[in-house]
Amino acid sequence: MKNDYEELYKELRKKYTDEEIVDSMLIPANGDEATRAQFVAWRMQRRENRTAQEILLSKLLGFKYRLLNYLENSSFSADQTFGKQLQQYLTIVNRKQKELAADINIHPSRLNRIIKGKERINNVIAYRLERHSGDLIPAIYWWKLMQKEVEEEIKNEQEIRKAAQQEVRYIVYEG
């Protein structure tokens, strides 16, 4: 594939300068107003004529990239817990909790506990959610989202930490 592009480039270079080649391949950022208006009109028409599948794909990809951005760049946010993200996913795919539970073959009350933050997912549920999204939302994203919440709990649960530490009968090293 790379050689094909190189050959094409060599052929174009015989007739055109690099600047002319680039100009022919890119939409100018500072084009005239008529060109811009024409492009916007085309884009709006294209947007209005999207199929239900195209709209769903667009929403799922938007969700995926917002989720990825949160996972990679943000500290924990109580507004973006696993349960809230899963609830947002339900809205995007237009499913009720009971329907999603049936879709991924878990008990509806278990799904409800997960959404409410009273139960955590395991890797099997992450795999099922991945498949449910048509493999658009990788299992690792669901898993990392849950782990971000767990990490925040570990940082902040001082009373539970102290109680757990008191259960230790032997400490191998005290510095």
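Quick notes
- Residue in the range 19-26 that is touching a Ser or Thr at 6+ places or on another chain (Cβ under 8 Å), more than 29 Å from ILE154 (Cβ to Cβ) and open to solvent by 80 Å² or more (accessible area, probe 1.4 Å) present: no
- The number of residues in the range 107-160 that are open to solvent by 60 Å² or more (accessible area, probe 1.4 Å), closer than 13 Å to GLY83 by Cα and not charged (D, E, K, R) comes to 2.
- Condition met for SER75 (of a type outside the set (A, V, I, L, M, F, W, C) and not in a helix (DSSP H, G or I)): yes
- Any hit, the range 30-42, residues being in a helix (DSSP H, G or I) and touching a residue at least 60 places away in the same chain (Cβ under 8 Å): no
- A single member of LYS59, LYS14 is closer than 30 Å to ILE137 by Cβ, at pLDDT 85 or above and open to solvent by 100 Å² or more (accessible area, probe 1.4 Å), and it is LYS59.
- Test: residue in the range 93-100 that is closer than 28 Å to GLU54 by Cβ, more than 19 Å from the chain's Cα centre (by Cα), open to solvent by less than 80 Å² (accessible area, probe 1.4 Å) and at pLDDT 95 or above: yes
- From the options ARG46, ARG95, residue that is among the basic types (Lys, Arg) and more than 30 Å from ILE140 (Cα to Cα): ARG46
The values are calculated or read from the model by the stated rules, or taken from the named source; none is laboratory data. Please read all numbers here as calculations on a predicted model, not as lab measurements. Ideal geometry is used to build each Cβ from the backbone, glycine not excepted, and the neighbour counts take in all protein chains shown. Only protein heavy atoms, including side chains, enter the accessible area calculation; ligands, DNA and RNA are left aside. Shrake-Rupley method; radii C 1.70, N 1.55, O 1.52, S 1.80 Å.
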